[in-house]
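Asker: Structure in structure tokens, see below.
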Amino acid sequence: MLARFDQTADLDLDQDGAELFAQALDEAALTRLEAALAALPANVPGVRIGEGRKLKPFLGVAGPIGGIAATALGPDARPVRAILFDKTSERTILADHLGVRDALADIGIGISPINTANFQYDFLQNDRGYRGPQLYNGQRITRTNTTASLTATYDLGRIGLKGGQIATTLSIVDNSFPAVNGPKKIRIGRLHYYQDVIAGVLDFKAGYIDNTQEFLGINVGGNLATGNLGPQATIPFQLGLSYGGFAAPGINVRVRSKAGFYNKFGIQRSLPPGGATAENAVNPGGFRFSPPGTGVLLIDEIGFNRASAPGTKSAWVRFGGIHNSTRYTRFSDGAQKDNWAVFVAADRQLTQTDPAKPFRGIYAGATFNYAPPEQNFFTQYYEGRVYGVGLIKSRPFDLASLVTTYNVYSPEGLRARVPTTQSFYKGTWAATASYAYRAAAGIYIQPGLGVTVHPIFSPRFEPALNGYLSLITLF
């Protein structure tokens, strides 16, 4: 997942008020950065010269460079060549303590431990006296997700494969409500080979991949660390797309133009109908190539992406489709057929408050997903979002967001699941406001408050007022 964090490595070289930014995806920019650094005096604040430390970034993992502000708009706004981080990792908790990361970087290895914890509670408890088992997140104090993961990478340029990288992640995932949030598990989070074939034009990734971090742009601002509160898109997971903690074998190929247009195509072994619980039952470690009940998932995304720059506001428009050959059961007659979905989304930077940090400003975006109601319980998803990056000048990497969503349930699915004597709702609407605060190097705190109307389709509970708390630590 860490590949989502940063598309731009920013180095604050405050010399005479000037700041220098190096685009992580641009070899020419890295070359210019090297030249600029070489020309600087040895005592420039923030730049350590000597002690055997190399100045040029490397293909490895040491922790996110700057947080949300560096992402522009997401992984395909400035499509990630590989997982690229500052070698000295000065924006993680451990940084380069005792020179361990620096020594590993010298042989092409990067490491990054990350812990996440998410909590939710409904302050209103409008469940009309219900005393049965928990039915939705927040009905009781809910730890919706706790993940401890370790990502390691190796720069294949060290053995002659320039632009190549091996990346792997091991994840321990836990939560207090598995019926909704999926099973507790220890699994492979990723194990893939990335290769930049033609710089800036063609690349591919093959292996066990987390495709929700490769397609769609689900997180607000395209950032996993600070953009995970608010969005509630379920349809891609319902279709069997691989996601965090549940990687699946596949290959993704991307073609892009210098003008910002791109096409990204993926072939993936699908997750089985039933999602994480069904996948974990037949493939607990995550290594099985083709467990029973799975088929071939195809996904294609076409879009236009322009990163922010001084005088230029960022924009990201994408649309595409998913097809899964796995047999899904229809609600009406029990017949089985393959499955599909379509998606469209757009994000646009509205204001640009700081030419030196062009990513700072206010953004707006919208998303729509559709899947046929005959065999998908969630059949339509609508999302609107407004978010600000670096609204406070002294805190350029914080993100404030307001996200509203509406999930539509399948009429056929409701008739199949709800007893005829029991009433139900046809959809769930929610609005969530949150602020992601970079408390210290490697520590992100994101509190949120949200209203959910119809927190469950049946029985008919009153609206919920949910408090959220997300904690992310990067070591």
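The values are calculated or read from the model by the stated rules, or taken from the named source; none is laboratory data. None of the values given here were measured: they were computed from a predicted structure. Every residue, glycine as well, gets a Cβ built from its backbone with ideal geometry; the counts of neighbours run over all protein chains shown.
Asker: Mind checking which residues of region 251-279 are out of contact with any Ser or Thr (no Cβ under 7 Å at 6 or more places or on another chain) and within 17 Å of residue 205 (Cβ to Cβ)?
Answerer: Answer for region 251-279, where residues must be out of contact with any Ser or Thr (no Cβ under 7 Å at 6 or more places or on another chain) and within 17 Å of residue 205 (Cβ to Cβ): 251, 252, 253, 254, 255, 256, 262, 263, 264, 265, 266, 267.
Asker: Return the residues of region 408-451 that are in contact with an Asp or Glu (Cβ under 7 Å, 6 or more places away or on another chain) and farther than 30 Å from residue 388 by Cα; say none if nothing qualifies.
Answerer: Listed by number, the list holds a single entry, 412.
Asker: Could you please tell me which pairs satisfy a Cβ distance under 9 Å, a separation of 6+ or placement on different chains, a first residue in region 348-377 that is in contact (Cβ under 8 Å) with a residue 40 or more places away in the chain, and a second residue that is β-branched (Val, Ile, Thr) and assigned to a loop (DSSP other than H, G, I, E, B)?
Answerer: Partner pairs satisfying both residue conditions: 360/351; 360/353; 361/351; 361/353; 363/351; 367/218; 369/234; 377/234.
Asker: All but one of (1) assigned to a strand (DSSP E or B); (2) at pLDDT below 90 hold for residue 147; state the number of the condition that does not hold.
Answerer: Condition (2) is where residue 147 drops out.
Asker: Can you name every residue in region 302-324 that is of a type in the set (A, V, I, L, M, F, W, C) and either without any contact (Cβ under 8 Å) to a residue 60 or more places away in the chain or within 22 Å of residue 211 (Cβ to Cβ) (or both)?
Answerer: 302, 304, 309, 316, 317, 319, 322
Asker: To continue, here is another question. In the set 300, 338, 347, 333, which member is surrounded by 16 or more Cβ atoms within 10 Å (Cβ to Cβ) and either among the acidic types (Asp, Glu) or modelled with pLDDT under 95 (or both)?
Answerer: Residue meeting the stated conditions: 347.
Asker: Of all residues being in contact with a strand residue (DSSP E or B) (Cβ under 9 Å, 6 or more places away or on another chain) and surrounded by fewer than 21 Cβ atoms within 10 Å (Cβ to Cβ) in region 429-441, which is farthest from residue 122 (Cα to Cα)? Just the residue, please.
Answerer: 441
Asker: For region 199-213, give me each residue that is under 16 Å from residue 165 (Cβ atoms) and not small (Gly, Ala, Ser).
Answerer: Answer for region 199-213, where residues must be under 16 Å from residue 165 (Cβ atoms) and not small (Gly, Ala, Ser): 202, 203, 204, 205, 208, 209, 210, 213.
Asker: What number of residues within region 378-405 are farther than 21 Å from residue 356 by Cβ and either hydrophobic (A, V, I, L, M, F, W, C) or free of Cβ contacts under 8 Å to residues at least 12 places away in the same chain (or both)?
Answerer: Total satisfying the criteria: 4.
Asker: Give me a count of the residues in region 363-389 that are within 18 Å of residue 315 (Cβ to Cβ) and crowded, with 18+ Cβ neighbours inside 10 Å.
Answerer: Matching residues across region 363-389 total 8.
Asker: Residues being of a type outside the set (A, V, I, L, M, F, W, C) and surrounded by fewer than 23 Cβ atoms within 10 Å (Cβ to Cβ): count how many of those fall in region 304-327.
Answerer: So the count comes out to 11.
Asker: Of everything in region 183-207, what is among the basic types (Lys, Arg) and either in contact with a Lys or Arg (Cβ under 6 Å, 6 or more places away or on another chain) or part of a strand (DSSP E or B) (or both)? Give them in sequence order.
Answerer: If the condition is that a residue be among the basic types (Lys, Arg) and either in contact with a Lys or Arg (Cβ under 6 Å, 6 or more places away or on another chain) or part of a strand (DSSP E or B) (or both), then 185, 187, 190, 205 are the ones that fit.
Asker: Now, a different point. Could you pull out the residue among 439, 433 that is without any contact (Cβ under 8 Å) to a residue 24 or more places away in the chain, among the small types (Gly, Ala, Ser) and out of contact with any helix residue (DSSP H, G or I) (no Cβ under 9 Å at 6 or more places or on another chain)?
Answerer: 439
Asker: Next up: Does any residue of region 191-203 turn out to be within 30 Å of residue 463 (Cβ to Cβ) and surrounded by 15 or more Cβ atoms within 10 Å (Cβ to Cβ)?
Answerer: Checked against the condition, which is being within 30 Å of residue 463 (Cβ to Cβ) and surrounded by 15 or more Cβ atoms within 10 Å (Cβ to Cβ), region 191-203 yields no hits at all.
Asker: Let me ask something else about it. Sort out which residues of region 181-199 are over 19 Å from residue 112 (Cβ atoms) and either acidic (Asp, Glu) or in contact (Cβ under 8 Å) with a residue 12 or more places away in the chain (or both), and write them in order of number.
Answerer: Listed by number, the residues that qualify are 181, 182, 183, 185, 195, 196, 197, 199.
Asker: Return the residue satisfying two criteria in turn: it lies in region 110-143 and is surrounded by fewer than 19 Cβ atoms within 10 Å (Cβ to Cβ) and hydroxyl-bearing (Ser, Thr, Tyr), and of such residues it is nearest to residue 92 (Cα to Cα).
Answerer: 121
Asker: Are any of the residues in region 162-180 touching a residue at least 60 places away in the same chain (Cβ under 8 Å), surrounded by fewer than 18 Cβ atoms within 10 Å (Cβ to Cβ) and hydrophobic (A, V, I, L, M, F, W, C)?
Answerer: Among the residues of region 162-180, not one is touching a residue at least 60 places away in the same chain (Cβ under 8 Å), surrounded by fewer than 18 Cβ atoms within 10 Å (Cβ to Cβ) and hydrophobic (A, V, I, L, M, F, W, C), which makes the answer no.
Asker: Can you name the residue in region 378-399 that is in contact with a strand residue (DSSP E or B) (Cβ under 8 Å, 6 or more places away or on another chain) and outside any strand (DSSP E or B) and is also nearest to residue 454 (Cα to Cα) among such residues?
Answerer: So the residue we want is 398.
Asker: I need the full set of residues from region 445-473 which are within 22 Å of the chain's Cα centre (by Cα) and without any contact (Cβ under 8 Å) to a residue 60 or more places away in the chain, in order please.
Answerer: 445, 447, 449
Asker: Since residue 401 meets every condition but one in (1) at pLDDT 95 or above; (2) under 18 Å from residue 219 (Cα atoms); (3) hydroxyl-bearing (Ser, Thr, Tyr), which condition does it not meet?
Answerer: Every condition holds for residue 401 apart from (1).
Asker: Could you give every pair whose Cβ atoms fall below 6 Å, whose first residue belongs to region 272-301 and is among the aromatic types (Phe, Trp, Tyr), and whose second residue is at pLDDT 85 or above and surrounded by 14 or more Cβ atoms within 10 Å (Cβ to Cβ), counting only separations of at least 6 or pairs across chains?
Answerer: 289/249
Asker: Follow-up. Take the conditions assigned to a loop (DSSP other than H, G, I, E, B), at pLDDT 90 or above and buried (at least 22 other Cβ atoms within 10 Å of the Cβ) and apply them to residue 226. Does it pass?
Answerer: no
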